[in-house]
Every structure is written in structure tokens, then in C-alpha cells.
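Undergrad: What follows is a single structure, and I will ask about it in a moment.
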Amino acid sequence: MGKNGTPPMSVAETAPRLLLPGMTHYGDDSEFWASSPRLKYIHDYALARGMNPWAVLAATLCRAAACIPPTIKTPAFRGAQSPLNMYAVTVAPSGGGKTMARKVAGEIIPDMLNATIAEPASGEGVIAMFAMRVPLPAKEAGGARGRTVLACRNMRAFVAIDEITKLGALSSRQGSTLTGTLLTAWSGGDLSNWTASEEKRLSVPDGAYSIGMCAGSQLAKLGVIVSKEDEGLPQRFLYAEAEAPAEPAGTPPPEGGFGFDVAKLRDASPSADQLDRVYNDSSVTLPIRELSYPDGVKPLVEQNAELPLKTIDAHTVLTCIRTAGILAVMEQRDGHEYEVTRDDWKRAAYIVRHSRMVRDRCIAAGAAERRRQRKKTMKERAEDGEAVATALAGDAIIEFLKRRDVTTAASAKGYGRYGTTSRTIRNGISTNYRIVCGKVLDDLVLAGRLGTVALDDRETTLYYLKQ
């Protein structure tokens, strides 16, 4: 029972609500992929390359997010305006197509407007993808003394990680700021590397950058990010399976191009001079172009805020908002370039729904694998322990018989002159070895180290130590 004796909420009641009033999900995946020329192109292109369309879609969304100017934001449905930054993880066994899916997405969106593409090893590395210091001109105050000022290296960055375990290893280093920086970057907040030396100090202003990140993970390794649920890391990812699809591969690629002209985004981007001024003067702001969303989105956001969502679902609705925004920008509708339609929202809701299903399936499978490994380890330890106990028990039995001088049938003590019973031997050795005593006695007899005598007048076997 729940609080005050009320029935506990069901799983369905605690799941995020993503559909707008009067909206239903697509009947199946084929209906979803056919709902937009952009989605159909991604689907057909992925199959032509033998890739899973969901993994290619996730990577494509992340590449598009890095291309979209940081000045294009969602409305402040709850809190502040949000950038369209996007993270995704593609899941498959080793060699299952995780990295290749990202490369295929690179063929779909080859031009990323000179975005920095890297795999940063630290939080400072993430910041350095966007910011740098440049010499102050000599004619300006302090320039002659070699002073430097902050400047924008690049407003766009795409983080490519082949294996999520590398992110885990880098994040676990003592003093690492990588996880915290990636969390802040997803939210579009201020990034800073504050050091005592001004010449080494870097910072990136809020809203002056766009970032996309796509990582690959084997199923059993997904815990690298899932284990950081309390920090908010797994909440910030889309999840997609990357294993080869059931559909036949080798089909011809779709005709024509993807249709997303990233060059049009260049005109909507802030200039280098604008960005440099923002970097060095906190009073300067960039002009924001806010996306418009269907009327039902804000009430849906408020409704979800009242639900007892699981921690891992905390950013599900915001992820849906961003996904719908990216889909709308990729459509590039003349005169409505920054308008998110109900169809965009429906597609985004289906993508996020699929992501949650993949995530939960992976978490469950990972937990089952960890249980299997624990049982295997316990069994191996038990077997190792039994092997050690068997070896030690053999030594203990030999020492016990030596102490009793049970070396031949003629000189044996215990039952007259014949030998010693297994019960006497068991009681004479450590309790740690008694459970394997019978087996060890048989092994010692087979090895020729012990001899046996069967008494005629009783069903008793006596053991003695052979010389």
C-alpha cells in the first residue's frame, strides 16, 4: 500500500505521458518510418548499408543537433529556454554495428559546418572544444605585455565515443570533471575551467554553443552510464539498438539526397565577432530564435511535472521537446522553419517511447547478465574452495594417520591391529575438511597412499597408511 493506505501507483501511471490530446501512437514501426520523407530516407539508407535504422536515426539526430545554432531554442515551458543539444547511445554486441551506424549517419549529414569532432578525455577537453585564448592586440591595453583574452574556437561540437567504457574509465579518474561537464553541456549551461592562472583559464558562456554526442555500448557495459542515475547522466540519452536489422540488407539506397541543407543554418548562426563579445562581456547576449510548439505541449509538461516519475525518466519530456525541435528544423519548411507541428511531436514521442523501451530492455538484460555472472563466480569460488579443501584434507588425513602410527595393517591401531575407521579419521581432522573426508579417503586409496582392510565380522572398512 502507498502513503496513507492508498494503493501504490502502477507502472503505467508512473510512465511519462508524451502524446498530445487526440493523438495516438503509430500502429507500428513501418508506419512511423513512412510518416516523413526525412525518416524514410534514413530508414532506407540504413537498410541499404546493412545498418539498424534506429541506431542511424539516433546518430543523425545528434549530428543535426550539433549543426543547429545555439541561438535556436525551445520555449521556457518550465524553467528556462532549452537548447537542442542531444546525446544518444547505440547498443549492440562487439562488432554489432555501433560505430558503423555513426559513420553511416555521417554520410547522411556529411557537412557539420566545421564542427569540432573529437573524443575529449576530460571536462577541460570538452570546454576546449569551444573556447580558446588569443593574444590581445598590442595596440590595446595590456596587449604589449602578452595578455590573452577568451575567444570562441567553435560554436559547434560533436563528441564521438566508440565504447562507453572509455567514458566510464575517464570519468572515474580522481578529480575528473568529465561527467559533470557533459551534464552541464547537455543543459547548455556555463562551462568553466577556473584556474589560478588567467592565461590557462577557459570558460564558455551559457547559450553560446551546440553539442551532440553519440556513444556506443555493449549490452553488459551500459551500466557505465546507468549507474550514474543519481547524477542525471542516463536521463540525458536517447537509446537505440544497433544490431543488424531483420530486414534484408543490400537493398539499393534511396534516390536523391536527404534534403536537409545545413548551409541554411549558417545564415541563422551568430557571427564570430558576436560570439567573442559574449565570451568577454557578460552583459552582451545573442539574439534568440524561439521555436513554436503545438498548444498542448505546455499543459503536457505541467501534467508530467505532477507525476511520480522514476528518476531515470526525469528528462524524458524535455528529450521529446528537443527531438521534436530537431525534426522540425531538419524538415526546413519554407516560411515555417522554426515551427514544430503536431506531426513532428508525434514522431518525437514515438522515438522517445522506443528509446525508453530499448533502455529498459537493456537495463533488465544487463541486470540478468550480472546475476548470471555472480552465480558463475560464486560457483567457481565454491569449486575452487572445494579443490583447496580437498588438497588440505588429504594432507590432514596423512598427518593424522602418521600421528597414530597407522602405517601398516599389522601395526595399525584402532580396531585391533588392522587400521582406523573413517569416522575416527573424520573426527580427528579439522572441521573445515570433514565434509570432503569420504571423497578424499577414496582418492587416497586410488592413489595408492592408503590401504584398506574390510573386517569379516562387521560392515566396516579400516584405513591405514602405506609405507
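Undergrad: Looking at (i) 210; (ii) 143; (iii) 277, which value of volume of the Cα convex hull per residue in Å³ comes from a calculation on the structure shown?
TA: Given (i) 210; (ii) 143; (iii) 277, the calculated one carries the label (iii).
Undergrad: Would you please give the residues with an amide H less than 5 Å from that of Val149, counting only those at least 5 places away or on a separate chain, with H modeled from the backbone geometry?
TA: Val134, Leu136
Undergrad: Just rank His336, His43, fewest to most, by other beta-carbon atoms within 10 angstrom.
TA: His336, His43
Undergrad: Using the count of nearby Cβ atoms within 10 Å as a rough guide to exposure, how do Thr184, Thr195, Thr285 rank from fewest to most?
TA: Sorted ascending by nearby Cβ count, the order is Thr195, Thr285, Thr184.
Undergrad: List the residues, sorted by chain then number, that are 5 or more residues from Val204 or on another chain and whose placed amide H is less than 5 Å from its amide H.
TA: HN-HN under 5 Å from Val204: Leu191, Ser192.
Undergrad: Please get the size of the charge dipole for the chain, origin at its Cα centre, with Cβ charges of +1 on Lys and Arg and -1 on Asp and Glu, quoted in debye to the nearest 20. Intermediate values should be presented prior to the final figure.
TA: Values: 59 positive and 53 negative charges, 375 e Å.
Computed charge dipole of the chain: roughly 1800 debye.
Undergrad: In this model, which of Lys402/Lys466; Lys73/Lys298; Lys310/Lys375; Lys166/Lys375; Lys40/Lys103 are farther than 21 Å apart at the alpha-carbon?
TA: In this structure, Lys310/Lys375; Lys166/Lys375 lie more than 21 Å apart at Cα.
Undergrad: Counting DSSP beta bridges in the stretch 148-231, what percent are antiparallel, to the nearest 5?
TA: Bridges in the stretch 148-231 that DSSP calls antiparallel: roughly 35 percent.
Undergrad: Not counting the cut sites, what is the longest span of the chain without GluC sites (Glu not before Pro) that DSSP labels loop and that have at most 14 other Cβ atoms within 10 Å? Mind showing how you got there, number by number?
TA: Values: sites that count: Glu140, Glu255, Glu306, Glu459.
Maximal segment without exposed cleavage sites: 307-458.
Undergrad: Please state the charge dipole magnitude for the stretch 236-308, taken about the Cα centre, from unit charges on C-beta atoms (+1 on K and R, -1 on D and E), reported in debye and rounded to the nearest 20.
TA: Using only the charged Cβ atoms, the result is roughly 220 debye.
Undergrad: Moving to a separate point now. Starting from the exponent 0.38 and prefactor 2.2 Å, build the expected Rg for the stretch 299-371 from its residue count and divide its actual Cα Rg by it.
TA: Computed over Cα atoms of the stretch 299-371, the ratio equals 1.37.
Undergrad: Let me ask something additional. Nothing charged except the Cβ atoms of Lys and Arg (+1) and of Asp and Glu (-1): what's the magnitude of the dipole of the stretch 55-178 about its Cα centre? Round to the nearest 20 debye. Don't skip to the end; give the middle numbers.
TA: Values: 14 positive and 7 negative charges, 76 e Å.
Approximately 360 debye in magnitude.
Undergrad: I want the local charge near Ser82. Using Cβ-Cβ distances under 14 Å, sum +1 for each Lys or Arg and -1 for each Asp or Glu among the other residues.
TA: Every neighbour counted, the sum reads +4.
Undergrad: A further question on this structure: Taking the Cβ of each residue in Ser283, Ser210 as the centre, tally the other Cβ atoms inside 10 Å and list the residues starting with the fewest.
TA: Ser283, Ser210
Undergrad: Among Ala268, Met378, Leu444, flag the residue with its Cα farthest along the positive direction of the charge dipole of the chain, charges on Cβ as +1 for Lys/Arg and -1 for Asp/Glu.
TA: Result: Leu444, furthest along the dipole toward the positive end.
Undergrad: Using only Cα atoms and rounding to the nearest 10 degrees, what angle (0 to 90) does helix 98-108 make with the longest principal axis of the chain?
TA: The two axes meet at around 10 degrees.
Undergrad: Once amide H atoms are built 1.01 Å from N in the peptide plane, which residues 5 or more positions from Ser210, or in another chain, come under 5 Å H to H?
TA: It is Arg156, Ala157, by chain and number.
Undergrad: A follow-up question, please. Which whole-Hz couplings ³J(HN,Hα) result when phi for each residue of the stretch 254-266 is put into the Karplus expression 6.51 cos²θ - 1.76 cosθ + 1.60, θ = phi - 60°, listed in order with x for Gly and Pro?
TA: Working through the residues one at a time gives x, 6, x, x, 5, x, 9, 8, 5, 4, 5, 6, 4 Hz.
Undergrad: Then there's this: Which aspartates and glutamates does Lys346 reach when only Cα atoms under 14 Å apart count, and residues fewer than 8 places away in its own chain are ignored?
TA: Here the aspartates and glutamates satisfying the reach criterion relative to Lys346 are Asp28, Asp29, Glu31, Asp295.
Undergrad: Something else now. Using a cut-off of 18 Å between alpha-carbon atoms, which aspartates and glutamates can reach Lys228, once sequence neighbours fewer than 8 places away in the same chain are excluded?
TA: Output for Lys228: Glu163, Asp313, Asp360.
Undergrad: So, one more: Using a Cα-Cα cut-off of under 26 Å, which lysines could be cross-linked to Lys379, ignoring same-chain neighbours fewer than 8 residues away?
TA: Correct list for Lys379: Lys221, Lys439.
Read-outs: derived from the displayed coordinates by stated rules, not from any lab. Predicted model only: the values in this text are computed from it and were never measured. Neighbour counts run over all protein chains shown; Cβ positions are idealised from the backbone, glycine included.
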